[in-house]
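The values are calculated or read from the model by the stated rules, or taken from the named source; none is laboratory data. Treat the numbers as computed from the prediction; the structure is a model and nothing was measured. Note that each Cβ is placed from the backbone with ideal geometry, even for glycine, and that neighbours are counted across all protein chains shown. Note: areas computed on protein heavy atoms with side chains; ligands, DNA, RNA excluded. Shrake-Rupley method; radii C 1.70, N 1.55, O 1.52, S 1.80 Å.
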Amino acid sequence: MTTTPPVDPRIEAVAARLKEAAQKRAEVYAPPTHWQPIWKRPRKPKTIKAKKEQLAKQRKRLKAAGARRFYGAQSRRPRPRQNRIGSAAARRDTRALSRMRHSNAWLW
């Protein structure tokens, strides 16, 4: 058998105050009636000066990126021929020494 607690005027007054405060907060934080999300607002056209500044910045940025890309590719290019010839000779020497090391020629 369920019993309902007697109505306490103090509890009722606190509950009424809480509801009122919640209502006020909802009114404060609710978006204004004329509000529109940013992507639906009409765009404010840029001035010619602002547009030119933006394009100049973009050009500068793209030019810098192109230079970085160019120099990045340069660093991966093969070394000059002289260097390659030298390293080939070094490889030949290493190969010959390796053969000697793995042979039993030192026993003679």
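A few comments on the model shown:
- Within the same chain, lysines fewer than 8 places from Lys57 are excluded, and of the rest, those with a Cα less than 24 Å from its Cα are Lys44, Lys46, Lys49.
- Sum of side-chain charges, Lys52 neighbourhood, beta-carbon under 12 Å (Lys, Arg +1; Asp, Glu -1): +4
- Atom-type composition of the exposed protein surface of the range 1-66 places 62 percent of the accessible area on carbon and sulfur (1.4 angstrom probe).
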